[in-house]
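Participant: Quick one: structure below, then a few questions.
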Amino acid sequence: MRLILKKNHEFARVYRKGRFLAGKHMVLYALSNRTSVTRVGFAAGLKCGGSVERNRLKRLMRESYRGKAAGILPGYDLVFSARPAPVLPLYGEIEKEMGYLIRKLNLATPGQESVKANGREEET
């Protein structure tokens, strides 16, 4: 089974039927998929800038998700959608906001804290 949402109808289903929570730099949409795996997709609309800026935003979100994937409950379809901003956000801002959105929608595994690459626990 694929772990990435790619098709338009997959994104549309999550947008239409899922719960969502908006942050400063992104919106997280979540929908239960009745399977034992979590699938994820990343989106950046035309209002986020040119192709270079949109692709950079998606790369930042993908990298931030990679470090948090182990601490997310299985069985969800997630879509992280970038919001337009006058200046591209830094990686640390994206990472912090993504952790906040995941916790706020109760998608984090109970008792498991996010751990940064250097092995230290993330401050919340």
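The values are calculated or read from the model by the stated rules, or taken from the named source; none is laboratory data. Here the structure is a predicted model, which means the values were calculated and not measured. In this analysis, Cβ positions are derived from the backbone assuming ideal geometry, glycine residues included, and neighbour counts consider all displayed protein chains.
Participant: Among the numbered criteria (1) in a helix (DSSP H, G or I); (2) at pLDDT 95 or above; (3) within 29 Å of residue 111 (Cβ to Cβ); (4) not small (Gly, Ala, Ser), which one does residue 9 miss?
Facilitator: Exception for residue 9: condition (3).
Participant: Restricting segment 88-114 to residues that are modelled with pLDDT of 90 or more, part of a loop (DSSP other than H, G, I, E, B) and out of contact with any Phe, Trp or Tyr (no Cβ under 7 Å at 6 or more places or on another chain), which is nearest to residue 25 (Cα to Cα)?
Facilitator: 89
Participant: OK, next. Test of understanding: among 117, 85, which residue is of a type outside the set (D, E, K, R), at pLDDT 85 or above and part of a loop (DSSP other than H, G, I, E, B)?
Facilitator: 85
Participant: With the requirement that a residue be of a type in the set (Lys, Arg), out of contact with any Lys or Arg (no Cβ under 8 Å at 6 or more places or on another chain) and either in contact (Cβ under 8 Å) with a residue 24 or more places away in the chain or buried (at least 19 other Cβ atoms within 10 Å of the Cβ) (or both), what does segment 14-35 give you?
Facilitator: Matches in segment 14-35: 19, 34.
Participant: Just one of 65, 100, 76, 15 is touching a Ser or Thr at 6+ places or on another chain (Cβ under 7 Å) and hydroxyl-bearing (Ser, Thr, Tyr); which is it?
Facilitator: 76
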